[in-house]
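Report on the following structure.
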């Protein structure tokens, strides 16, 4: 087992005597796998078995034990499988043994282990410390910074230098940081433009309000001036007095009593029974009723000669016919 730093691995491996490695199983525990695999294939004898491993823990993370922690391996070149399986069974008693190709391991560790060390060192370089108001995620971030700060810088440099995915991860981190900066700047610009637009709209609104107020005041002033310049209105005539004056006084009802008294004919007096001819039983007719006009006319009227009575006719009396009483039925 070769357990050295990444930077010194090649030098240490080449310093081993080849004759003492014949027929042996050589394994490494580096945090990267493609680089030591290539060195061992080049420097070790062909009859030497090669097993690349990476215990995914260190002195800090495994201080409480290895139970359940991942142990990655790749059988690069194995002749004696029983010997290799014995080693894997030994680590499998506590660890979670995972077989994985070296290139795949480096690709995954570049986005996990290298980024963890990178973020931890950024936090440590910021000089941030725990505070009474730290959230759980903040405390976990501080723990990552403290854990990575205890590792050597050579380990961090080896993860970057000898993992071909390391530089790409650092470049991607820079692009992500620039993207975040652009997002912040864009958000700031958007909010600033929105505030300016709001101020412009508010200014336009206030200008419109002032304009309409001014127009309303001017219209009111013009209306008042027109009312003052116009002649006073002539009050409408009081038609009630005119109508009362023009109306004719109602005529009093005619006094029909005098007319009736003048025009009514006097009732005929009852016949004078005393003047009845006792011999003949005839009752003389009353003189005809004459109105004043008839009297006047009779006074001026002279009958013609042939109608004037003669002296012998003066004694002429008009016979009066009376109705005979009915015969006595008893006598009959």
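Derivation of every value follows stated rules applied to the coordinates shown; laboratory data play no part. For clarity, every value in this text was computed on a predicted model and none was experimentally measured. Quick reminder, even Gly has a Cβ in these numbers, built from the backbone with ideal geometry, and neighbours come from all protein chains shown.
Compute the FRET efficiency between residue 153 and residue 201 as 1/(1 + (r/R0)^6), taking r as their Cβ-Cβ distance and R0 = 45 Å, and round to the nearest 0.05. Efficiency at R0 = 45 Å is approximately 0.20.
Legend: ranking of residues 213, 39 from fewest to most surrounding C-beta atoms inside 10 Å; resulting order 213, 39. Here the residues 146, 215, ranked from fewest to most Cβ neighbours within 10 Å of their Cβ, fall in the order 215, 146.
If neighbour count is taken as other Cβ atoms inside 10 Å, put 75, 33 in order from fewest to most.
75, 33
All alpha carbon pair distances within the range 75-142 were sorted into 10 Å bins beginning at 0; the resulting P(r) in whole percents reads 15, 27, 24, 20, 11, 2.
Considering all C-alpha pairs of the range 8-163, those separated by over 27 Å amount to 33%. Rg/Rh, computed from the Cα trace of the range 107-212 with Rh as the Kirkwood radius, has the value 1.31.
With the convex hull drawn over the C-alpha atoms of the range 12-88, the volume per residue is 103 Å³. Label sites at residue 170 and residue 42, each approximated as a point 7 angstrom past Cα along Cα to Cβ, lie 2.1 nm apart. A simple spin-label model places the labels of residue 91 and residue 187 4.3 nm from each other, with each point 7 Å out along Cα-to-Cβ.
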